[in-house]
Amino acid sequence: MLEIFVKRGDAGSPLFGREIVEVATRRLGREEAVDFFEKGFSQLQTNIKREQIESAVDTFDGVIGWLTYFGHEYAVTGWSDVRRILGEAILVAKEEINSFLSSRRSERYT
């Protein structure tokens, strides 16, 4: 999907001629994810119950981007309901997929 988006080597691509750096990520283990939240919320001086952290870790399964999304929504918007934030995350993912698919010329992608 990245190769299709970037169109490496295509002079018509908006990113043509720019350096491409790939950043590999991985899922965090349970304890790493808990630690990730504890450190992040501590830096923000935001209180959160351990049960909420564990619920978010279970829900977002160690995926760093979604853990970060949860942390942002919790700290910035004040949302504390993991299911509500999961619903919003699902909408974001759907929008990204639909946007990608709408740029494809073939209906087979959809």
- Message: Condition first: under 22 Å from residue 84 (Cα atoms) and among the acidic types (Asp, Glu). Can you find one or more residues in region 23-33 that meet it?
- Response: no
- Message: From the list 53, 97, exactly one residue is of a type in the set (A, V, I, L, M), within 23 Å of residue 26 (Cβ to Cβ) and surrounded by 16 or more Cβ atoms within 10 Å (Cβ to Cβ). Which is it?
- Response: 53
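Run down 68, 25 and say which single residue is among the β-branched types (Val, Ile, Thr) and surrounded by 13 or more Cβ atoms within 10 Å (Cβ to Cβ).
None of the other options fit; the residue is 68.
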- Task: Look at residue 88 and say whether it is among the acidic types (Asp, Glu), part of a helix (DSSP H, G or I), out of contact with any helix residue (DSSP H, G or I) (no Cβ under 6 Å at 6 or more places or on another chain) and modelled with pLDDT under 90.
- Result: yes
- If we ask which residues in region 11-68 are in contact (Cβ under 8 Å) with a residue 40 or more places away in the chain and outside any helix (DSSP H, G or I), their number turns out to be 1
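The values are calculated or read from the model by the stated rules, or taken from the named source; none is laboratory data. The shown structure was predicted, so the numbers you read here are calculated from the model rather than taken from an experiment. All Cβ positions, even for glycine, are placed from backbone atoms using ideal geometry, and neighbour counts span all protein chains on display.
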